[in-house]
1. Which one of the conditions (1) under 23 Å from the mean Cα position of the chain (by Cα); (2) open to solvent by less than 80 Å² (accessible area, probe 1.4 Å); (3) assigned by TED's automatic domain parsing to the domain that holds Val168 does Gly215 fail to meet, given that it meets all the rest?
2. Return the pair list, or none, for Cβ contacts closer than 6 Å from residues in segment 318-341 that are touching a residue at least 60 places away in the same chain (Cβ under 8 Å) to residues that are among the polar types (S, T, N, Q), at least 6 apart or on different chains.
3. Could you list, in sequence order, all residues of segment 36-58 that are open to solvent by less than 20 Å² (accessible area, probe 1.4 Å), touching a strand residue (DSSP E or B) at 6+ places or on another chain (Cβ under 7 Å) and more than 16 Å from Ile9 (Cβ to Cβ)?
4. Which ones in segment 122-150 are crowded, with 20+ Cβ neighbours inside 10 Å and aromatic (Phe, Trp, Tyr)?
5. Does segment 235-251 hold any residues that are farther than 21 Å from Ser357 by Cα and either free of Cβ contacts under 8 Å to residues at least 60 places away in the same chain or among the basic types (Lys, Arg) (or both), and which are they?
6. Take the residues in segment 236-252 that are part of a strand (DSSP E or B) and open to solvent by 50 Å² or more (accessible area, probe 1.4 Å); name whichever of them is farthest from the ligand (Cβ to nearest atom).
7. Among the candidates Leu99, Leu103, single out the residue that is within 12 Å of the ligand (Cβ to nearest atom), aliphatic (A, V, I, L, M) and open to solvent by less than 60 Å² (accessible area, probe 1.4 Å).
8. In segment 297-332, how many residues are more than 23 Å from Ala269 (Cα to Cα) and in contact with a Lys or Arg (Cβ under 6 Å, 6 or more places away or on another chain)?
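The values are calculated or read from the model by the stated rules, or taken from the named source; none is laboratory data. Just so we're clear, the structure is a prediction, and the values are computed from it rather than from any experiment. Here the Cβ is made from the backbone with ideal geometry for all residues, glycine too, and neighbour counts use every protein chain on show. Side chains are part of the model used for accessible areas, which takes the heavy atoms of the whole protein and leaves out ligands, DNA and RNA. Shrake-Rupley method; radii C 1.70, N 1.55, O 1.52, S 1.80 Å.
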Amino acid sequence: MNKTPRVNINLDKIKENARILKNRCDKKGIEITGVVKCGAGDLRITKALVAGGIKSLGDSRIKNIIKMREAGFENEIVLLRLPNLTELKDVVKYADISLNSELITLESLGREAVKQGKVHKVIIMVDVGDLREGVLYKDYLDLMDKALQIKGVKVVGIGTNVGCYGGVLPTYQNTSLLLELKEETLKKFNYNLEVISGGNTATTILLDNDQLPKGINNLRVGEGIIQGTDITHQREIKFLNNNNITLIAEIIELKKKPSVPIGEIGHDAFGNKPKFEDKGIRERAILAIGRQDVKVSGLRPFLKGVKIIGASSDHLLCDVTEVETELQIGSEIEFQLNYGAMLRAMTSSYVNKYYISSL
Ligand SMILES: *Cc1c(COP(=O)(O)O)cnc(C)c1O
């Protein structure tokens, strides 16, 4: 038996997703940057993406990028989160491209690149409304004007990101803003931006609906490839494999207990005052996994009849009264993971990783 708690990672299905998505994008002249951060920069997942034909890789953490380089990946690697001033040395050394929106950072990057005898490529992020990173439309030309003059830095493109903080949905209109800015950059500075990076997994819906503006030639896709889902639109992507990463936890206690705690109710371990509905005596299972390891609200059990009723740091409580199969101590329960739950499970050092692969 493989140890629990664990994530089962199906590398074959992830690789196939990479290939399917890449083929669709190739046809429209769109390059995919395969984003591995939702798999915590896992090297075997990264390898599966590359085996599926992905050439450009992306991650939000420089630590993961260094890990990839040390493992021998020679692909183009893009740093997705705006760099910290304190990590620029590593950014220039290990990443080929970084996403940026601040002049001070760009200038420092330039100085560091000159020092290392390199030219560091950057993509300037434009905020089209989600209000996470990016220069606002009105400030764009000013920033671009200055960025184009920095020694050691080459502006290769512009990009945008929606669907992450503000939950703003990608549309033909907000994505087209990038193309307007490309035109203006050409007119004003006689400078051609090669990469127009339209967005993340959420933006692939425009591709499927034939709504992606012509001229967008890059998408940065993680969740779609790795899990076959698009949390922003709450959808499973039909032509991709889903549930490629699942979570397995084990039953450590199985008892009939009342549904309402006995005694005066204070606050739980997380400071909330819990409320209970009296459903009489119920069959309850405690699973050896908790909030330290996973985002409990993002778990969905595959087995019919299992109902998550609560969790503490190390314990997950389930009502299993309605389960039709025989459960016992040591039984494994498998869960579907949404984006947040997957992220947390993949980064928890307590969760084992088990790979399903013919690679
Ligand atoms: C995380 C991230 C992505 C990829 O997001 P997915 O939803 O996993 O496809 C793309 N771009 C940026 C800037 C990101 O931070």
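1. (1)
2. Glu334/Thr246; Gln336/Asn243
3. Within segment 36-58, Ile54, Ser56, Leu57, Gly58 qualify.
4. Tyr140
5. Listed by number, the residues that qualify are Arg235, Glu236, Ile237, Lys238.
6. Ile252
7. Values: Leu103 fails: within 12 Å of the ligand (Cβ to nearest atom).
None of the other options fit; the residue is Leu99.
8. Qualifying residue count, segment 297-332: 1.
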